[in-house]
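Notes follow once the structure below has been shown.
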Amino acid sequence: MFILSLLIGTALAVPSNWCGNKAPTSEHREAIQALRVAETAGISLHRRQSGNSSSTINVPVYITAVVNTTDSEEMLSETVLKSQFDVLSDRFAPYNITFTLKSTNRMIDDDNSKGFDYYGWNSFKAAQRKGDYGTLNLFYVTNMDDQTWGSGSCTLPGDASGGPLVTMLDGCTMNAYTVPGGVSGGKTYKGEITVHEVGHWFSLLHTFDGDNCTGPGDYIDDTPQEATWELNVCPIGRDSCPDQPGLDPITNYMDYAGEGW
Ligand SMILES: [Zn+2]
């Protein structure tokens, strides 16, 4: 979605569109729709784990932090990374999705602390990544340009025809300030951006994807239609689709209000 241009009127220290995930492809939308209807074979997405609707999903997690040589020892310390993991676990727990933290790894690397700004980032990520396609790899970097890449992004489940490359590049890359207690632009973050991004990793779309009141929305039956979004605010009572049931789902993690409430 970072390709959307947005005029906000005032200069924001936070990115104008904090999630760096691109809009889902038409193939991805079709696959999600097929999944909703059938939840069985015939989908083209690369399944992360097998199971059924009554199963508890457990996801192994590896966290890699890359800091700059000028950063303090507190930046993305193991304690901080574990607190981020705890936020992630807490938010998904009501949905029978659990996570197991396998390891944290903190590296000092000026080049790779730039994340996607560094030309070698994908190679680094592929080399550091652990586990199979059902394993979640979270990367936190201190020096990525959020005006270009957002506060973070995850790979949506990919097309299985993409072969090993789909797994090699799978995972999430977030700016360091998004962890609990992280600060940027005078705002202290709560770790919710990782929750949002991991929602994408599980294939969830934005609640406002489609940007209209009559389309398929996010393909989730009980998500009210939402035609618009605002960043890090708490627009209680907003109803961008007044002719459709429900108010805008501003407390849904897949909305952009996220860190605002
Ligand atoms: Zn997003």
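Can you tell me which residue in region 194-207 is nearest to Asp222 (Cα to Cα), limited to those that are in contact with a helix residue (DSSP H, G or I) (Cβ under 8 Å, 6 or more places away or on another chain) and near the ligand (Cβ under 9 Å from one of its atoms)? Only one residue fits best here, namely Leu205. Of the residues making up region 229-252, those that are open to solvent by less than 60 Å² (accessible area, probe 1.4 Å) and either under 19 Å from Lys187 (Cβ atoms) or in contact with an Asp or Glu (Cβ under 7 Å, 6 or more places away or on another chain) (or both) are Trp229, Leu231, Asn232, Val233, Pro235, Arg238, Asp239, Ser240, Cys241, Asp248, Pro249, Ile250. Scanning region 168-181 for residues that are within 19 Å of Glu74 (Cα to Cα) and either within 16 Å of the ligand (Cβ to nearest atom) or without any contact (Cβ under 8 Å) to a residue 24 or more places away in the chain (or both) yields Met174, Asn175, Thr178. Only one of the numbered conditions (1) under 15 Å from the mean Cα position of the chain (by Cα); (2) within 14 Å of the ligand (Cβ to nearest atom); (3) modelled with pLDDT of 90 or more; (4) not basic (Lys, Arg) is not met by Pro249, and that is (1).
The residues in region 200-228 that are over 19 Å from Cys19 (Cβ atoms) and buried (at least 21 other Cβ atoms within 10 Å of the Cβ) can be counted, and the count is 1.
Considering region 189-206, and only residues there that are in a loop (DSSP other than H, G, I, E, B), touching a Phe, Trp or Tyr at 6+ places or on another chain (Cβ under 8 Å) and not aliphatic (A, V, I, L, M), the residue that is modelled with the highest pLDDT turns out to be Tyr189.
So which residues in region 143-166 are touching a residue at least 60 places away in the same chain (Cβ under 8 Å), more than 16 Å from the chain's Cα centre (by Cα) and open to solvent by less than 50 Å² (accessible area, probe 1.4 Å), if there are any at all?
Gly162, Val166
Reported count of residues in region 222-237, each being farther than 21 Å from Val195 by Cβ and of a type outside the set (Val, Ile, Thr), is 3.
The values are calculated or read from the model by the stated rules, or taken from the named source; none is laboratory data. Quantities reported herein were computed from a predicted structural model and do not represent experimental measurements. Neighbour counts run over all protein chains shown; Cβ positions are idealised from the backbone, glycine included. For the accessible areas, the whole protein counts, side chains as well, though only heavy atoms, and no ligand, DNA or RNA atoms are used. Shrake-Rupley method; radii C 1.70, N 1.55, O 1.52, S 1.80 Å.
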